[in-house]
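As structure tokens, the structure follows; a few thoughts come after it.
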Amino acid sequence: MGRPGREHHTARGRILASHARQHRPRSGGHGGCVPPRRGPRRPCVLVSVAASARVLSVFLVFLALGGLTTTVPRYVIGVLDVPIGAVGIAALATGIGGVLGRLVSGVLLRRWHPSVVALPAVCLAALSLLVTAVVPELWWLLLWRVVQGLGTGAFHTAVFTRAIGEGGGRTGRAIAFASVPLFAGTALGPSAAELLTRFVGVSWTWSVLAIPVLVVVVLTALQRHETLAASSSAPFVVAQSAIEAGMWRRLGSHATRMVHRGAVPAGACWVLLSAAWGGAQAFLPLYALDVGMSASGPLFLTFSTVVVLVRIGGAGLFDRVPETLQAIVGGACALAGAGLLAFVPSPPAVYVAVVLFALNTALGFGALMRTATAGADAAERGSAVSTFNLSFDIGVALSTAGLGIVVQATGGFAAAFAIAGGCALAGVLIVLVLPGRGLRRALASQSS
């Protein structure tokens, strides 16, 4: 080919000149470039305030629930003057409400933002605390125990669903940090309730414990308003049709999907592993008096402190250590703790047992929850969390009711805690023999 002519060079020059004019730096400061337009800094402050409000809400709710741990047994025995087995029946009523709350919240969380689900849940919890002591009758107590379980079960599910959804795939770390305000509240609640009982009496303690929950009602309402206002950019997109649609129509359309089948095996294991502590925490205020302790609040403080320290310290390891290995170690701790309560009834043994139960909760609960939610997508995550958390309510309800029956029949706690230890052993054996989740495979995956 020949040399390009003048016409070709002229056309090429015009193209280059046009390109230079389009990308010419504008005059002014910042090196001739237009500085990027910055948005207001206020939304960042609002985000941090909203996160702090969520943490405070979880702390206050479980501060009140921790106070009920010592209030309910004293109220049943001292005010209602009924046999000790009624303590287990009250826990069973709370567990039934918790099961209902988690089932309903699992359906609602398929389409609704967790803050929207948490608001009516915490309102029910506050109402139950305000009216329980109005009528000093057992049937009235059981009725509002069901309502309180319904509210707190739905609130707990909404909190952990949001934490897992915002965890960026690091489920173990998200569960660990979401548990910190929860166990901080349950650590301080029992001692605070015992102090209140000394000054205002056990009946008025119910109403005083409702105050922090009422504060959470206000905080949750504000969070719900911000969530709906920013729903287009939130991690959980709340469709307007989902908010305006009727609850009963939505419940009917999802009634067949209340239980996430993938979370059932892990939940069944946790029912057995948590039986010992589930029953112990209801009767620990009475058991502590039997072994010569003046108060049980420090025991719950010890339990929650150990759980928080383990979960914060091991937050980076939970996603790397096999879940099965964590569950087995936790179950072994629960078995040892139940054995101490059954056969070594002394204050030092009680503290050691509480530490062992705390290790079981810190390791086993988070590991099995990660197993339950591993195969769930974003739309099914709330259902998986609620299904697994059913195991917590079922375990506490059945173990406490069974423990109360055995204690009332035998006149002591030894046989009851021995049976609870047998449940923990059964849970460990089930984890060992589950297909594909045995200890050998767990150790092999850890070494690889």
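Structure values in brief
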item: All positions within the stretch 93-111 that are surrounded by fewer than 24 Cβ atoms within 10 Å (Cβ to Cβ) and closer than 14 Å to Leu141 by Cα; result: Ala93, Ile96
item: Selection count, the stretch 189-201, where residues are closer than 22 Å to Ser304 by Cβ and more than 27 Å from the chain's Cα centre (by Cα); result: 2
item: Matching entry among Phe357, Phe365, Phe343 (being at pLDDT 80 or above and over 25 Å from Val180 (Cα atoms)); result: Phe343
item: Residue count for the stretch 398-431, restricted to those that are surrounded by 24 or more Cβ atoms within 10 Å (Cβ to Cβ), within 28 Å of the chain's Cα centre (by Cα) and among the hydrophobic types (A, V, I, L, M, F, W, C); result: 7
item: Pair list, Cβ under 7 Å, 6 or more apart: the stretch 192-205 residue of a type in the set (A, V, I, L, M), other residue crowded, with 20+ Cβ neighbours inside 10 Å and modelled with pLDDT under 90; result: Ala193/Thr70
item: Residue identified as in contact with a Ser or Thr (Cβ under 9 Å, 6 or more places away or on another chain) and touching a residue at least 24 places away in the same chain (Cβ under 8 Å) among Ala372, Ala338, Ala332, Ala342; result: Ala372
item: Residue list for the stretch 103-156, filter: part of a loop (DSSP other than H, G, I, E, B) and either without any contact (Cβ under 8 Å) to a residue 12 or more places away in the chain or among the hydroxyl-bearing types (Ser, Thr, Tyr) (or both); result: Val135
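The values are calculated or read from the model by the stated rules, or taken from the named source; none is laboratory data. Just so it is clear, the model here is predicted, and its values are computed rather than measured. Here Cβ is always computed from backbone atoms with ideal geometry, including for glycine, and neighbour counts include all displayed protein chains.
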